[in-house]
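All remarks here apply to the structure that follows.
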Amino acid sequence: MPDEACSGGRDSAASFILHSTFFIEAAFPGSLSTSRMVVTPLLVVVTIALGGLAGVIGTLLGLGGGVFLVPFLVLVVNMPFHEAAAISLMTVIATSSAVSAARAGHHLINVRLGMVLEVATAAGGLLGGLTAQMLAPRVLQLLFSGVAAAVGIVTFVRRQQSNALGPDAEIGSLGGRFTDERTGEVVSYRVRRLPLALVSSFVAGNVSSLLGVGGGFVKVPILNAWCGIPMRAAAATSAFMIGVTATSGALIYYGHGMVNPTLAAAAVIGVSAGSAGGMRIGRRMAPVRLKILLGSVLLVVAALMLLRAR
Amino acid sequence: MNGDAMDQTDHTEEMLGRVLTVGSRTSTAILAVGLVLALLPPTTHLASRLLTIGLVALILTPIARVAVSVIAFARRQEWMFVLCTAFVLVLLIVGIIVAFVD
């Protein structure tokens with residue numbers, strides 16, 4: 001039984017995080033061991049390239065790119081899932097820091113909203129082990145495939161919806177106001193349905209370490225389609241948050257020596273280069289096109305997860 | 001164009017931006033040098049040490065960002081946000097302890 005390792009009467013807060021090391025072991029038996037990939041120059045080059053691709057797409061959409069990098073590494077270089085997840089979390093942190101550093105001061109990142117949502121994300125991460133105890137990895141992946149597909153379809157359907165209010169609109173305590181670099185207009189927005197935003201952030205944190213992702217693929221579409229946040233601001237705020245989200249998981253993997261340093265460095269460098277490119281393209285891209293890209297990406301992710309769950 | 005609240009946020013944002021810039025540039029630069037050294041024929045101790053330092057710096061960057069946020073919100077006496085960021089910081093610190101002491 002996969003969840004035998006999770007038994008025991010620990011009840012301190014720390015034990016939930018401890019559980020998460022067990023649930024990784026439970027989900028991927030024998031995985032809590034040090035990295036076994038043999039590093040060759042070719043593998044390093046391929047890893048940099050895959051990182052670059054994930055960096056471009058991820059940055060455009062406010063995702064860390066982990067959601068692509070993990071399947072890329074697993075499918076293209078045949079990397080064990082947990083090693084791919086460990087490397088991916090490192091790149092999520094790198095993208096988040098680099099992209100947010102470049103965007104700081106432009107009002108695109110909603111720092112206050114990000115901080116509030118991070119509480120839900122952190123709580124989700126804390127309870128990640130518990131979730132995995134209750135749901136078999138296969139069920140979790142199926143559930144995810146379903147959620148990603150549903151959110152992807154909603155993103156398509158609502159692609160024309162604009163959350164932008166006039167320049168002087170009342171924005172409330174969590175709303176924001178920024179200048180759209182593409183049109184030069186000042187865009188204001190209010191946050192609606194905060195509880196839903198909190199739930200999506202909780203889920204993002206909950207699956208982060210298990211799937212090796214920052215969780216942006218859950219948050220961005222929900223923040224945009226239902227919570228009143230314009231696509232660009234949703235992407236920037238998510239990108240700002242995912243570094244913290246991924247850190248909890250990264251600590252677990254790193255502490256157990258599961259991060260292959262050479263390949264992680266290669267992926268981080270690839271992703272950093274890719275995200276610099278992604279930022280350049282993103283500034284000029286119309287929100288509708290970003291949403292179509294996001295919707296397509298979600299459907300691909302749904303298909304990949306469905307395949308893995310079978 | 002922006003109200004007072006936005007200007008204050010701007011300041012915090014710039015401060016956090018500085019932390020993230022230093023953290024991400026330093027770690028990426030160290031990782032790049034480490035990676036080049038690791039790929040050159042004589043496997044040196046220096047290469048693996050640089051890779052370790054780079055990865056640790058990478059992980060510490062978001063943690064530093066949260067710590068600075070706590071201070072920034074405390075200075076502006078926005079206690080609700082201090083509470084939020086402090087909660088996240090505590091969980092991250094618990095994460096470090098569990099990951100490395102376990």
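Measuring heavy-atom accessible area with a 1.4 angstrom probe and counting protein chains only, the residues of segment A:221-260 that give up at least 20 Å² relative to the chain alone are A:Phe240, A:Val244, A:Thr247, A:Leu251, A:Tyr254, A:Gly255, A:His256. Loop-located trypsin sites (Lys or Arg not before Pro) in segment B:13-102 (DSSP state other than H, G, I, E, B) with a sparse environment of at most 16 neighbouring Cβ atoms within 10 Å: B:Arg76.
Any idea of the accessible area per residue across segment B:3-101, 1.4 Å probe, to the nearest Å²? Before the final figure, lay out each step's value.
Values: 5020 Å² over 99 residues.
Computed with neighbouring chains in place, this is 51 Å² per residue.
Working note: 222 nm ellipticity from helices only, DSSP H runs with n ≥ 4, each -39,500 (n - 2.57), summed and divided by the residues of chain B, gives -32000 deg cm²/dmol to the nearest 500. Dividing the C-alpha radius of gyration of segment A:169-310 by 2.2 N^0.38 Å, with N its residue count, gives 1.16.
Indicate the gyration tensor shape class of segment B:3-101 (rounded, prolate or oblate), computed on the Cα atoms with a ≥ b ≥ c the square roots of the eigenvalues: a/c under 1.5 is rounded; otherwise a/b larger than b/c is prolate and the rest oblate.
Details: a/c = 5.91, a/b = 1.97, b/c = 3.00.
Here segment B:3-101 falls in the oblate category.
Carbon-plus-sulfur fraction of the accessible area of segment B:3-101, 1.4 Å probe, in percent? After summing per-atom areas, the C and S share lands at 73 percent.
Chain B packed on chain A takes about 4200 Å² of accessible surface away from a 1.4 Å probe, both sides summed.
Please go through segment A:203-305 and write out the chymotrypsin sites (Phe, Trp or Tyr not before Pro) that DSSP classes as loop and that have at most 12 other C-beta atoms within 10 Å. Intermediate results must be reported in sequence, preceding the final value.
Values: sites: A:Phe217, A:Trp226, A:Phe240, A:Tyr253, A:Tyr254; in loops: A:Trp226.
For chymotrypsin sites (Phe, Trp or Tyr not before Pro) across segment A:203-305 that sit outside H, G, I, E and B with at most 12 neighbouring Cβ atoms in 10 Å, the list is empty.
From the Cα gyration tensor of the protein assembly as shown, with a ≥ b ≥ c the square roots of its eigenvalues, which class applies: rounded if a/c is under 1.5, or else prolate if a/b is larger than b/c, or else oblate? Cα axes put the protein assembly as shown in the rounded bin.
The values are calculated or read from the model by the stated rules, or taken from the named source; none is laboratory data. As the structure is a prediction and not an experimental result, all values here were calculated from the model. Here the Cβ is made from the backbone with ideal geometry for all residues, glycine too, and neighbour counts use every protein chain on show. Heavy atoms of the whole protein, side chains included, go into the accessibility calculation; ligands, DNA and RNA do not. Shrake-Rupley method; radii C 1.70, N 1.55, O 1.52, S 1.80 Å.
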